[in-house]
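Trainee: My structure is below; once you've seen it, I'll send some questions.
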Amino acid sequence: MKKTLFLTLSLLGCLYTGFSSQAQVFIVDTGSIFNQDSIDTQRIKVQYEMTYLQDTVSENAKPSQETLMLEIGKQYSKCYSYNFYVRDSLLIADAKAGASKETMLQHATAIGNPRISYQIFKHYPAGKVTTLDRLATTNFLCEEKEEMPEWTLLPDTATLLSYSCQKATCRFKGRNYIAWYTLEIPVSEGPWKLFGLPGLIIKVEDDKKHYTFRCTGIEQCKTPKPILINLKGREKVSRSNLNKMYERMAKDPMSFIASTAPNVKVSVTDEHGNPMKSFSIPYNPIELSE
């Protein structure tokens, strides 16, 4: 059943878009778009098609898809939703052209809501992973110790995207992964928090096929482009507390927004326009407890 969410907030610099029952609530924060700092220069940009299953209960549930971008620099890497990149680029162009907030909201809505709201910076700062995310009206910063998966290298080979690949497996963050990497691109990187192999990860999925990442494009960056991050105005949170907030949001989005953003008015209707008092979102996080 489709739900439509409308938010009203007296906060300058923010635009609000709707969401479906298969996604989180996303808010376009123009402040976070413009106030970014460069931490590295892109050497390689990789595109992945991410397929994931949120609803593991319903027999008719279909996987969701999202395009992810991985920017690889000399020291750091950044993984994020391509839809965010497109939307941010459009909003920056709108702002420079002096467009109204109504026009910017229309453009953001036309592009659609990214299902993946986080940005992951591996090795930043040294020895750590930094995750930036936004829930309701709060920008969060989660800094945790970097953990490199303990890979088992296997003799199996395959050709993916015309690259000669080798197989590896690991158990990481509660899931068993099968990966294919190529020595032809000797960078120890991959999507999400996965890295540590002697070559770029071209494909990786967990053994239940709940999460799959397939490389769909690789670009060698000949023109210097920055890897950007915005750490300003963010609330620091531990990984355990951030996970708890994800769970609370999925269990009852309306209650979560009411408790964390009391100045936001929320109205939810079903496909027939009838008001809804509460609902939940299917929740199958990529990180599981061991």
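The values are calculated or read from the model by the stated rules, or taken from the named source; none is laboratory data. Note that this is a predicted model, so its numbers are computed, not measured. Heads up, the Cβs are rebuilt from the backbone with ideal geometry, glycines too, and the neighbour counts pull from every protein chain shown. The area values use the complete protein model at the heavy-atom level, side chains included, leaving out ligands, DNA and RNA. Shrake-Rupley method; radii C 1.70, N 1.55, O 1.52, S 1.80 Å.
Trainee: Does region 153-170 contain at least one residue that is on the phi > 0 side of the Ramachandran plot and more than 19 Å from the chain's Cα centre (by Cα)?
Mentor: Yes, region 153-170 has at least one match.
Trainee: For region 207-218, does any single residue satisfy the condition of being within 30 Å of Pro282 (Cβ to Cβ), touching a Phe, Trp or Tyr at 6+ places or on another chain (Cβ under 7 Å) and surrounded by fewer than 18 Cβ atoms within 10 Å (Cβ to Cβ)?
Mentor: yes
Trainee: Follow-up. Could you say which residue among Ile229, Ile201 is in contact (Cβ under 8 Å) with a residue 24 or more places away in the chain, of a type in the set (A, V, I, L, M, F, W, C), under 21 Å from Ser77 (Cβ atoms) and touching a Phe, Trp or Tyr at 6+ places or on another chain (Cβ under 8 Å)?
Mentor: Exactly one residue qualifies, and that residue is Ile229.
Trainee: Can you tell me which residue in region 165-194 is nearest to Leu68 (Cα to Cα), limited to those that are in contact with a Pro (Cβ under 9 Å, 6 or more places away or on another chain) and open to solvent by 20 Å² or more (accessible area, probe 1.4 Å)?
Mentor: Checked region 165-194; the qualifying residue nearest to Leu68 (Cα to Cα) is Ser188.
This table checks each residue for (1) more than 20 Å from Glu205 (Cα to Cα); (2) open to solvent by 50 Å² or more (accessible area, probe 1.4 Å).
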position: Glu102; (1), (2): yes, yes
position: Ala126; (1), (2): yes, yes
position: Phe140; (1), (2): yes, no
position: Leu153; (1), (2): no, yes
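Trainee: Here are some residues: Thr130, Thr109. Which one is of a type outside the set (Gly, Ala, Ser), open to solvent by 50 Å² or more (accessible area, probe 1.4 Å) and either in contact (Cβ under 8 Å) with a residue 12 or more places away in the chain or touching a His at 6+ places or on another chain (Cβ under 7 Å) (or both)?
Mentor: Thr109 is the lone residue from the list that is of a type outside the set (Gly, Ala, Ser), open to solvent by 50 Å² or more (accessible area, probe 1.4 Å) and either in contact (Cβ under 8 Å) with a residue 12 or more places away in the chain or touching a His at 6+ places or on another chain (Cβ under 7 Å) (or both).
Trainee: Shifting gears a bit: For region 55-74, what are the residues that are surrounded by 14 or more Cβ atoms within 10 Å (Cβ to Cβ) and assigned to a loop (DSSP other than H, G, I, E, B)?
Mentor: Within region 55-74, Asp55, Ala61, Pro63, Gly73 meet the criteria.
Trainee: So, Asn176, is that one in contact (Cβ under 8 Å) with a residue 24 or more places away in the chain and touching a helix residue (DSSP H, G or I) at 6+ places or on another chain (Cβ under 7 Å) or not?
Mentor: So Asn176 fails the test.
Trainee: Continuing with the same structure: Conditions: (1) among the polar types (S, T, N, Q); (2) open to solvent by less than 80 Å² (accessible area, probe 1.4 Å); (3) modelled with pLDDT under 90. Asn243 meets all but one. Number of the miss?
Mentor: Only one criterion in (1) among the polar types (S, T, N, Q); (2) open to solvent by less than 80 Å² (accessible area, probe 1.4 Å); (3) modelled with pLDDT under 90 is unmet by Asn243, namely (3).
Trainee: How many residues does region 252-290 hold that are among the hydrophobic types (A, V, I, L, M, F, W, C) and outside any helix (DSSP H, G or I)?
Mentor: Looking only at that region, the number is 9.
Trainee: If the requirement is being within 28 Å of Ser255 (Cα to Cα) and among the acidic types (Asp, Glu), which of these qualifies: Glu143, Glu184?
Mentor: None of the others qualify; the one that does is Glu143.
Trainee: Something else now. Please go through region 113-152 and give me each residue that is among the aliphatic types (A, V, I, L, M), at negative phi and in contact with a Phe, Trp or Tyr (Cβ under 8 Å, 6 or more places away or on another chain), ordered by number.
Mentor: Passing the criteria: Ile116, Ile120, Val129, Leu132, Leu135, Met148.
Trainee: Follow-up question, since we're still on this one. Can you work out which of the residues in region 253-290 that are free of Cβ contacts under 8 Å to residues at least 40 places away in the same chain and in contact with a helix residue (DSSP H, G or I) (Cβ under 9 Å, 6 or more places away or on another chain) is most open to solvent (accessible area, probe 1.4 Å)?
Mentor: Checking each candidate, the answer is Lys277.
Trainee: Ok, one more. If Ser117 meets every condition in (1) modelled with pLDDT of 95 or more; (2) of a type in the set (Ser, Thr, Tyr); (3) within 26 Å of His210 (Cα to Cα); (4) assigned to a loop (DSSP other than H, G, I, E, B) apart from one, which number is that one?
Mentor: So Ser117 meets the others, but not (1).
Trainee: Do we find a residue being of a type in the set (A, V, I, L, M), farther than 21 Å from Ile185 by Cβ and either without any contact (Cβ under 8 Å) to a residue 40 or more places away in the chain or buried (at least 19 other Cβ atoms within 10 Å of the Cβ) (or both) anywhere in region 113-121?
Mentor: Yes, there is a match, as at least one residue in region 113-121 is of a type in the set (A, V, I, L, M), farther than 21 Å from Ile185 by Cβ and either without any contact (Cβ under 8 Å) to a residue 40 or more places away in the chain or buried (at least 19 other Cβ atoms within 10 Å of the Cβ) (or both).
Trainee: For Pro198, state whether it is at pLDDT 85 or above, open to solvent by 80 Å² or more (accessible area, probe 1.4 Å) and over 21 Å from the mean Cα position of the chain (by Cα).
Mentor: no
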